[in-house]
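Since the structure comes first, as structure tokens, the remarks are kept for the end.
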Amino acid sequence: MTSPWHVTETLAAHYARGTAPETDAWSLEKHVESCGGCAARVSAAVRSGAAGPVLASVRDELLTSLGHRPAPAAAPGGALRHAPVAGSPPGRRARFWWAVGPALRGSWVVAVLLVVGGAFALAHGAGFRGARSLLLAVSPLLPLAGVAVSYGRHADPLYEITAATPSGGLRLLLTRTAAVLAVCVPLLTAAGALLPPVAGFPGAAAWLLPGLALTLGALALGSFVGCRAAAATLGGGWLLAVTGPLLGQPDAGAPSGAATLAPYFSGPAAQGGWAGAALACAALLALRRRSFDHLEPR
């Protein structure tokens, strides 16, 4: 048995000055995620060094921009100490919201709710028989949009910082993707089940495997071109192949609408194909996992 490893004062000082070896710096950054004592030791070393005043200034400007009033105070040894901000969430909650990403804090959730609300308005308010089929056709696109707005250079203001941390890269991307799916899957499936059924149309859950395959495909393709470009490419292809032809029909609830959706959603062959595509994309994503350790191309 070996004793637990902790950050020493010497290593914390070297890290604060930027002179720690790269391997030691990465070990330190990973360790302080779960060790409060070492995190406080490293924080004190950084704040008492040359970077302390700069960090304090950045913190004050950030809190001011968010509507909080920072209360700096002098701490022993010349380090800067800040009083807790009133109403600020606990550290665990703050880390959770940082991990799940901008998608769940932005307009994407509103867009999902508008899609669901629009489907119910068309079905129950306007008596449109094709509301369920339109919701089914649009559902696989919403996870793609959530991934596009939750990770990457153009979506996350802290992307350069998070991509350089041990918890960044594919681990953070998968966390945010899981958060997106946790919203989409129950909400869209339940909404589809509550809409008036139409004979011959796929079930409310028929979109799950296509949606999963498209999402994993966007992640795999994103390892080459970035998540936003990948989501736009696959989403545009889906619109041209499925949603566009369905919208072009005078009555999406007619048998012709069912014929349009059937090749993509209905039957063991279609669902098995999507399952195989999801597995292939997951395998490619695993092979390309190291690509997310680097910044996306501009």
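The values are calculated or read from the model by the stated rules, or taken from the named source; none is laboratory data. Please read these numbers as outputs of a predicted model, since none were measured by experiment. Cβ: placed from backbone, ideal geometry, glycine included. Neighbour counts: every protein chain shown.
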task = Return yes or no: is ALA258 surrounded by 15 or more Cβ atoms within 10 Å (Cβ to Cβ), outside any helix (DSSP H, G or I) and modelled with pLDDT under 95?
result = no
note = Contact list, first residue from the range 285-298 and within 19 Å of ALA155 (Cβ to Cβ), second anywhere and at pLDDT below 85 and surrounded by 11 or more Cβ atoms within 10 Å (Cβ to Cβ), beta-carbon distance below 6 Å, six or more apart or interchain, is PHE292/GLY169; ASP293/GLY169; LEU295/ALA163; GLU296/GLY152; GLU296/ARG153
request  = Please give the helices (runs of 4 or more DSSP H) falling wholly within the range 1-61 in which 3 or more residues are in contact with a His (Cβ under 9 Å, 6 or more places away or on another chain).
outcome  = 22-31, 36-47
note = Of LEU240, LEU234, the only residue that is assigned to a helix (DSSP H, G or I), among the aliphatic types (A, V, I, L, M), surrounded by fewer than 15 Cβ atoms within 10 Å (Cβ to Cβ) and at pLDDT 90 or above is LEU240
query = Between a first residue in the range 164-193 that is at pLDDT below 90 and a second residue that is surrounded by fewer than 17 Cβ atoms within 10 Å (Cβ to Cβ) and polar (S, T, N, Q), which pairs have beta carbons less than 7 Å apart while being 6 or more apart in sequence or on different chains?
reply = none
Matching residues in the range 169-210 - criterion: being under 22 Å from the mean Cα position of the chain (by Cα) and at positive phi = GLY169
